[in-house]
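Some notes on the structure that comes next.
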Amino acid sequence: MEKFKAIKSSAVPLPAEDVDTDQIIPARFLKATTREGFGDNLFRDWRYNSDGTPKKDFILNNPVYAGDILVAGKNFGCGSSREHAAWALYDFGFRVVVSSFFADIFKGNALNNGLLPITVSPEILDEIFLAIESNPGAEFSVDLENQTLELPVSGKKVSFDIDPYKKTCLLNGYDDLDYLLSLKDKIEQFERERGVVI
Amino acid sequence: MGKTLFDKIWDAHVVSPVPGGMEVLYIDRHFIHEVTSPQAFDGLAERGLPVFRPGQTVATADHNVPTRDQHLPIREELSRFQVEKLTENCRKFGLELYGLGHPYQGIVHVIGPELGVTQPGMTIVCGDSHTSTHGAFGCIAFGIGTSQVEQVFATQCLLQSRPKRMRITVDGQLRPGVLSKDIILYIISRLTAGGGTGYFVEYAGSAIRSLSMEARMTICNMSIEMGARGGLIAPDQVTFDYLKGRKFSPQGADFDAATARWKTLFSDEDAVFDKEYNFDAADIEPMVTFGTNPGMGIKVTQSVPGAKPGENPATFGKALEYMGFESGESISGKKIQHVFIGSCTNSRIEDLRVVARFLKGKRKADHVTAMIVPGSQQVAAQAKEEGLAEIFQEAGFDFREPGCSACLGMNEDKIPQGEYCVSTSNRNFEGRQGPGARTILASPLTAAAAAVAGQVTDVRELMIA
Ligand code: SF4
């Protein structure tokens, strides 16, 4: 996993709610056996017509909106556990997703892939959508070290929560597996004590 | 203070706490399939790691497999490649694989329970959100991402934060024509698609107790559709009777010892839940969905609603437009083109029996294509033995070979653009059953009734006739 760096970027608004991982990356694109290239099919059926031409009214096809930050309506990433959804967002270039709440598995998958999910209150989310609407190029700042998201114009700093362990992982590019492997002795001891039949 | 069932099982599996609040959780059983495992195997290979406890992993091929001519090589190239990759990886890492052609092959959440691999008190994971199904046996079972599949391969453990606990109690007697699928669609329609996020749900109450294991699995299966990490039901005599004599269940004296242990698995009387809901079984009627998430469900007797307060009107409107419905129109009477009976929600032998009992002597409408896809080879074999397959054929249904099939359309079984499918699966997301497909979720009975009537219909009217 790559280290998470401080971000100053404009944001892409996707106010739809309950965006499920079948929309983020449809099942028919899950046949790859590597982690790369999923960005091409990110939001495939919202982004392209069936003949492969771009759908003009979809936000990712609007050159006015770009950036490392995706701002989405509540319950983002619900549905399937496919980690491909996090891979697709990351591969496309997103490093942060902001919403008023995330589906559990998606949130975990994002954190395991260097994609930072930031949960804000519904009021702040509305404020962010308004800020983007009034100036699509305005830049937000994400400071993971201090757990803040700075809004453009008002300069308002919103703090967000993150598990301290997960924060360390993101900042240093560590993944859970390194940590778990370091606990091998403890795991074996647990198995012996519980009489796990191996 | 007493403990919830969830906490009893969780506490028994904590290997070590992690500074900051997460915990290292030991995993008893790991199921894998071809779609979410290849990158995890590659990760192991890159690090030069073996699978730590190969005996605790069971593999099957289900998502990509064709439901016709399974004895022939898979025609679609990418699907074939993914399934072959699984076979190769299982061989390389020494894992048990119930692949195509094996008498135990089937949808991962159908075969685990039917083989007795799934047992009360266990922690179970799979790179698949419907792993929640296994919770019906009183275990903590949940879906994980591919990075976590790799972690379980390498260490048999996961880093987890403890979810909050919710209890949903359904008391009373179910009405005729109402199945467990209706119970869970009803619950999700009340709690919404995000209403369970952050929670692990225990289902309780006399209506839940009265259900068979198959019916309980249908309920736990869809816990994820309200955002819950998983759902579970305390094991009881129904659970023990189901498990007795299964292939990987404890045998003989071991079974009795295990049963004694399993009997301690319940929420203490004074256990406190973070949230509780109570529902009356008598209020539940056959349910159908009208929108593009499983929370958008109504009684089949109701009309398509408008956006509720708090619901985003734009998102709601987009869903209705996708489905070709208008607020205020009656859902019953809507002409449909397809019926799909299958998926890890409703493809077990009991589901097939219910459908066969209803279909006997009836025939599907001419304009409807109707497909029944059994959940496993064992279910398929039993359906043939019991003469169910013949009834399906006589009713004009296509009885296929096991797999996920049109639940997610990764194989050839897709619903064409703009057409309606009444489906016993668990997700009515846009494009789930094929690009542009319109999915109406329902119970196996309601789906069978739709096939016969050629339209969405209240199954109870056909049951009286
Ligand atoms: S049947 Fe559908 S929901 Fe179940 S495991 Fe297969 S694809 Fe997933």
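Only the coordinates and a few stated rules stand behind these numbers; no lab work does. Model, not experiment: these values are computed from the prediction. Every residue, glycine among them, receives a Cβ derived from its backbone with ideal geometry; neighbour counts consider all protein chains shown.
Summary of values
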quantity: Mean ellipticity per residue at 222 nm, deg cm²/dmol - from DSSP H runs of n ≥ 4 across chain B, formula -39500 (n - 2.57); calculated: -9000 deg cm²/dmol
quantity: Region B:164-283: translational diffusion in µm²/s, Stokes-Einstein, Kirkwood Rh over Cα pairs, 4 °C, 1.567 mPa s; calculated: 85 µm²/s
quantity: Filter on B:Lys3/B:Lys299; A:Lys166/B:Lys92; A:Lys74/B:Lys308; B:Lys8/B:Lys181; B:Lys181/B:Lys362 - keep pairs with C-alpha separation over 26 Å; calculated: B:Lys3/B:Lys299; A:Lys166/B:Lys92; B:Lys8/B:Lys181
quantity: Rounded to 5, percent antiparallel among DSSP beta bridges of chain B; calculated: 25 percent
quantity: Partners for B:Lys364 among lysines (Cα-Cα distance below 19 Å; same-chain residues under 8 apart left out); calculated: B:Lys334, B:Lys335
quantity: The protein assembly as shown: antiparallel DSSP beta bridges as a percent of all, rounded to 5; calculated: 30 percent
quantity: Kirkwood Rh, angstrom, region B:287-464 [1 / mean 1/r, Cα pairs]; calculated: 16.1 Å
quantity: Mean-position separation - Cα centroids, region B:313-340 and region B:417-440, in angstrom; calculated: 11 Å
quantity: Span per principal axis, largest first, for the Cα atoms of chain B (Å); calculated: 56, 55, 48
quantity: Rounded D (µm²/s) - the protein assembly as shown, Kirkwood Rh over Cα pairs, Stokes-Einstein at 37 °C, 0.692 mPa s; calculated: 131 µm²/s
quantity: Estimated dipole of the protein assembly as shown in Debye, rounded to 20 [Cβ of Lys and Arg +1, of Asp and Glu -1, Cα centre]; calculated: 640 debye
quantity: Residues listed by number, region B:162-178, amide nitrogen under 12 Å from B:Asp236 label point at 7 Å toward C-beta; calculated: B:170-172
quantity: Lysines whose Cα lies under 18 Å from that of B:Lys244, excluding same-chain neighbours fewer than 8 positions away; calculated: B:Lys263
